[in-house]
Amino acid sequence: MGDVVGGRRLAYNVEGLVAVVMDDVAKRFAGPGRGAGSARRWNEAERVLCVETLVLFPLALATLRTWYLVDHPEAEPYLDPVVLRLVAWLHTAFLLRVAAIVPIGLAVRGMPRARRLFAHCVAHTWWLGLAVVTYLHGPVTTPLWALYPTMGLVLLLVFDARIAFAGFAGSLAVLYAGAIAERLEIIPYAPIFAQWPEVHGRIADTWLWSNMVWPGAVISATFVMFAVVLRRSQWQAAQLERTTELLKRLFGRYVSADVMSTLLADPEAFDTAGDRREVTILMSDLRGFTALAERTPPEDVLCALNEYLGIMIDLCFKHGGTVNEIVGDALMVIFGAPLPMEGHAASAVACAIEMQNAMHAVNRRNRVTGAPHLEMGIGLNTATVIVGNIGSARRARFGVIGAGVNVASRIESYAAGGQVLASQSVVDRLPGRLRIDGRHDVVPKGAGGPITIYEIGGIVGEPQLAIESADQPFHPPPCRLRLRYRILAGKHVGDRAYDATVVGLSTTGMELATGGPLGVFDEVQMHLVQVSSPLRALAVYAKVVAGPSARSRVVRIRFTALPPEVLAYLEGLSARPPEPNDARASGG
């Protein structure tokens, strides 16, 4: 991973320096109120035009100086006037070529292949021009070699290494070909000189100082550029390190450390455009949390919720899940995305079982801190969905889309506290590995027909886990205990009330004898009767986990929201001995 990140860091640093220069040039040329865009987004053709603009003035000065020497040969009498005139025309032609480059660059800047070819051609003219000038002055008798590293650095900053290296290699090939041809006496050496550049037996002052000043300036400029690149590289490395740590902290809240490391090392592995993939979706929700939040101080609710979510999310990461959504007390976790996962169904089942088992530790801690007792239901579904980024260019999030998500949500809504319910597709992916504690045919809202859901009690193989039930055995209440309940329809409480008698009691649920229409997965709101007014006013919420049979009208319910006062009353009842001659319903 380090090599990959390091390579990208170097590329970013190289881009950074040229971006600063080009952004400044763009602002100057655009003028106030006119945006030219960031140089980091400029394409090859636009960068060529920028560089041509930057070198236009010094190139014009060099051309004027050459024509001056043509008209005043006494200034440097050791130069060959014929070759000097040829050089002056070459300078002029090189200057005038800008008139052709500008319209071509503007025409091809919207064509990726053409603008890259355009950049290659222009870069080759720069290198070829440097090679020709170096040959004319003699590669040994001129310091023009100092321009090679400078031009190479500039081209690396402006373009990528392929464009810079292609021109550099071509220039060296021309230069060495000229040296070989001179050794074979095909062409002369340093033809611009009519004689050795000396006056009265000494190197001419004009030649000496001109070749002492400009190479020093070029070398100094190169040193400054390298120093700026290095300094900027160090600054950007620190910025990148801080940004990476921030991304790890933010991104690490949603995916496991292994997934995060893989995506940071190879972002292309994360297809943000959308990918059809089979995944297993886990949905969990705390039962009765809304009612609990209404009677508990907000600070206590937030503290208990964060403790709960911290433990659950760590377990999701342990099994390779991606936390896709946290909505209040609800979690949506994906197994098999953003990176594919072998055995995602088994990982999801194992995670769900460990999450339910971890609720015992959560509630033990809550009892110590005085936080409320929590119960969680989990639904699992394996389906083929669309995985990718959802949103706009300004704001998007990673997510999954498909009917399988809705099915997982519907299954989770049937789960009572402590239950893990799974679809047929999950069971089919794990033949012979699941302990099935119950099976039910239901018709979820929006479904085209009935579906079968299974209550998962454990998984064998690797891993091997089982749900550690917290249910307490039911005991007959010590006195006659009656209640009145209403059936919930979604978020609404039904109008009709039904009476029931408690024939079995524990701190997690009840067994009721009732003639009312109760079936498995029905949710009810209950109020105790024949108790004090404060207790009678408190609502208890529960879900039916076992319906009546042909031989008995007794139904079994599990509490989903139990006020502490009612819990204390029920615990007190459980501790009391049965009253003598108490007439209780048999439930037959």
When segment 312-325 is checked residue by residue, the ones that are surrounded by 16 or more Cβ atoms within 10 Å (Cβ to Cβ) and closer than 24 Å to residue 360 by Cβ are 312, 313, 315, 316, 317, 319, 320, 321, 323
Residue 458 passes all but one of the listed conditions (1) within 30 Å of residue 318 (Cα to Cα); (2) exposed (fewer than 13 other Cβ atoms within 10 Å of the Cβ); the exception is number (2)
Could you tell me whether residue 444 is in contact (Cβ under 8 Å) with a residue 24 or more places away in the chain, farther than 27 Å from residue 515 by Cβ and touching a Lys or Arg at 6+ places or on another chain (Cβ under 8 Å)?
yes
Exactly one of 64, 106, 84 is over 30 Å from residue 201 (Cα atoms) and out of contact with any strand residue (DSSP E or B) (no Cβ under 7 Å at 6 or more places or on another chain), and that residue is 106
* Looking at segment 152-173, is at least one residue touching a His at 6+ places or on another chain (Cβ under 8 Å) and either among the β-branched types (Val, Ile, Thr) or farther than 29 Å from residue 96 by Cβ (or both)? -> yes
Note on residue 92: of the conditions (1) in contact (Cβ under 8 Å) with a residue 24 or more places away in the chain; (2) out of contact with any helix residue (DSSP H, G or I) (no Cβ under 8 Å at 6 or more places or on another chain), unmet is (2)
If we ask which residues in segment 470-513 are of a type in the set (Ser, Thr, Tyr) and either within 27 Å of residue 362 (Cα to Cα) or crowded, with 20+ Cβ neighbours inside 10 Å (or both), their number turns out to be 4
Of (1) on the phi > 0 side of the Ramachandran plot; (2) assigned to a strand (DSSP E or B); (3) of a type outside the set (Asp, Glu), residue 461 satisfies every one except (2)
Screening 138, 201, 216 for residues that are of a type in the set (Gly, Ala, Ser) and either in contact with a helix residue (DSSP H, G or I) (Cβ under 8 Å, 6 or more places away or on another chain) or surrounded by 14 or more Cβ atoms within 10 Å (Cβ to Cβ) (or both) leaves only 138
Given the conditions (1) under 32 Å from the mean Cα position of the chain (by Cα); (2) at pLDDT 95 or above; (3) assigned to a strand (DSSP E or B), every one holds for residue 427 apart from (3)
Note on residue 439: of the conditions (1) assigned to a strand (DSSP E or B); (2) under 15 Å from residue 356 (Cβ atoms); (3) of a type outside the set (Asp, Glu), unmet is (2)
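The values are calculated or read from the model by the stated rules, or taken from the named source; none is laboratory data. Just so we're clear, the structure is a prediction, and the values are computed from it rather than from any experiment. So basically every Cβ, Gly included, is an ideal-geometry build from the backbone, and we count neighbours across all protein chains shown.
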